[in-house]
Structures are given as structure tokens and as C-alpha cells.
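Participant: I am attaching a structure below and will ask some questions about it afterwards.
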Amino acid sequence: MALNIPLINDPTPRTFFKMINLEASQLSLPESQNLMMGSLGAYAVLQAAAQSFGKSLPVSIVYGIASAAVLYGATLFLLRFLKQEEKFIKTVTAMAVMGAVAALAYIILHLIVGVALPPPLPTERLARFLLFPIIVWTAFMYAFLLRHVSLRPIPAFVTAALYVLVIEVVLSSLKF
């Protein structure tokens with residue numbers, strides 16, 4: 001007798017796992033405004049949590065909201081420029097989920113490094129050094145997603161690198 005567990009039988013989580021492995025694009029996702037808002041909310045919360053290790057809670061919250069706003073606004077502008085507005089909801093959903101996964105990986109990495117190394121050691125600097133592969137993975141994931149909205153490989157990678165640069169470097173260094 002088969003079990004009917006909604007989360008396992010729903011194709012959306014499987015699509016996200018396939019996207020992490022670069023086996024599916026955002027075009028496989030359902031077009032859902034609620035899913036987009038939920039993924040942007042998760043993205044903002046996890047980005048804020050990732051920033052909270054080195055910044056105060058209010059600054060981290062502002063960063064989380066600002067990074068979600070940048071992701072939303074830049075994607076809206078890009079897709080309007082490309083005349084691909086019909087792919088907006090799916091693209092923002094996918095980019096927010098992949099950014100949330102990257103932030104979660106950073107949080108886990110920071111907790112592991114923080115537990116393994118006592119406080120006199122430069123835990124924050126080591127975590128930021130180990131964050132680099134996560135940032136590169138995020139740029140490649142965004143480029144993969146942007147390839148499916150009619151961008152060629154090099155413009156997709158440059159655009160994805162700009163997303164990551166603005167969110168992870170410029171926005172995180174601002175003093176709100």
C-alpha cells in the first residue's frame with residue numbers, strides 16, 4: 001500500500017532538487033504568486049540570519065529585506081528588458097530558493113566552523129573564506145536560471161555575477 005505524503009508526491013520540491021543539480025530549469029515550476037512570495041520571504045529570512053553572525057539584528061533584517069528587494073527588482077527590470085515578463089514569477093521563485101539554499105549552506109558552515117574553532121581564532125574570517133565556493137555556486141546557479149530566459153551563456157554569467165556582487169559584496173558592506 002502506497003503512502004500518500006503530499007510533500008513527497010508534490011513535483012515542486014523535486015523540481016527544486018533537480019535545479020540544485022542543474023537538471024531542471026525554473027520553467028518546470030508552477031506559476032504561483034504564493035510560492036514566489038514564500039520563497040522571497042524565506043530568502044530574506046535566511047539572508048538576514050546569515051548576516052546576523054557579523055552584524056546586529058536590525059542591520060541583518062534590513063539586509064535581508066534589501067537583498068530580496070534587489071533580487072526582485074533586478075529580475076523584473078531584466079525580464080522587462082528582454083521582453084520575457086511571462087517568466088518573471090518562475091524566475092524570481094527559483095532565484096530566491098537558490099539564494100536561500102546558499103544562505104542556509106553559509107549558516108551551517110558558520111555554525112560548524114564556530115563550534116570547531118574557539119573564539120580567539122578568526123572564525124568569521126575563516127567562514128568568509130570558505131563562503132567563496134558557495135558564492136561561486138550561487139553565481140553559476142543564477143547563470144543557469146538566466147540561460148532559460150533567453151540569455152546567452154556569457155551575458156547570463158555576467159548578469160549572475162552582477163547579482164551576486166551587488167547582493168553579497170556591495171549590499172552586505174553598507175552600514176544601514
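Participant: Using 7 Å Cα-to-Cβ label points, what is the LEU27/ARG125 separation (nm, one decimal)?
Facilitator: 4.7 nm
Participant: For the stretch 1-116, with the dipole built from +1 on Lys and Arg beta-carbon atoms and -1 on Asp and Glu ones, taken about the Cα centre, which of ILE65, ASN34, LEU22 lies farthest toward the positive end?
Facilitator: Value computed over the given set: ILE65.
Participant: Now, a different point. Taking only Cα atoms and a 10 Å spring cutoff, compute GNM fluctuations for the chain and point out the largest among THR138, THR12, THR75.
Facilitator: Fluctuation is largest for THR12.
Participant: Okay, moving on. All other residues with a Cβ under 15 Å from the Cβ of PHE144 taken together, and with Lys, Arg as +1 and Asp, Glu as -1, what is their net charge?
Facilitator: With Lys, Arg at +1 and Asp, Glu at -1, the net is +4.
Participant: Right, another one. So for the chain, taking the charge dipole from beta-carbon charges (+1 Lys/Arg, -1 Asp/Glu), which of ILE167, ILE154, LEU131 sits furthest toward the positive end?
Facilitator: My answer, from the dipole projection, is ILE154.
Participant: Taking other Cβ within 10 Å of each residue's Cβ, how do ILE112, ILE61 sort, fewest first?
Facilitator: The fewest-first ordering by Cβ neighbours comes to ILE112, ILE61.
Participant: At 4 °C and a viscosity of 1.567 mPa s, what translational diffusion coefficient does Stokes-Einstein give for the chain, taking Rh as the Kirkwood radius over Cα pairs? Give it in µm²/s as a whole number.
Facilitator: Using the Kirkwood radius from Cα pairs, D works out to 77 µm²/s.
Participant: Just tell me which lysines come within less than 28 Å, Cα to Cα, of LYS175; anything on the same chain fewer than 8 places away is out.
Facilitator: The reachable lysines, counting only those whose Cα sits under 28 Å from LYS175, are LYS55.
Participant: On to the next question. Could you name the lysines whose alpha carbon sits less than 18 Å from that of LYS18, not counting residues in the same chain fewer than 8 places away?
Facilitator: Straight-line reach from LYS18, under 18 Å: LYS90.
Participant: If you put +1 on each Lys and Arg Cβ and -1 on each Asp and Glu Cβ, how big is the dipole of the chain around its Cα centre, in Debye rounded to 20?
Facilitator: The calculated dipole for the chain is roughly 300 debye.
Participant: While we're looking at this one, here's another question. Would you mind calculating the gained length between VAL170 and PHE17 on full extension (0.36 nm times residue separation, minus the Cα-Cα distance), in nm to one decimal?
Facilitator: 52.2 nm
Participant: How far apart, in nm, are two points set 7 Å out from the Cα along the Cα-to-Cβ line at LEU57 and at VAL70?
Facilitator: 2.4 nm
A short reminder: the numbers here are calculations on the coordinates, not readings from a lab. These numbers were taken from a predicted model, which means no experiment stands behind them. Quick reminder, even Gly has a Cβ in these numbers, built from the backbone with ideal geometry, and neighbours come from all protein chains shown.
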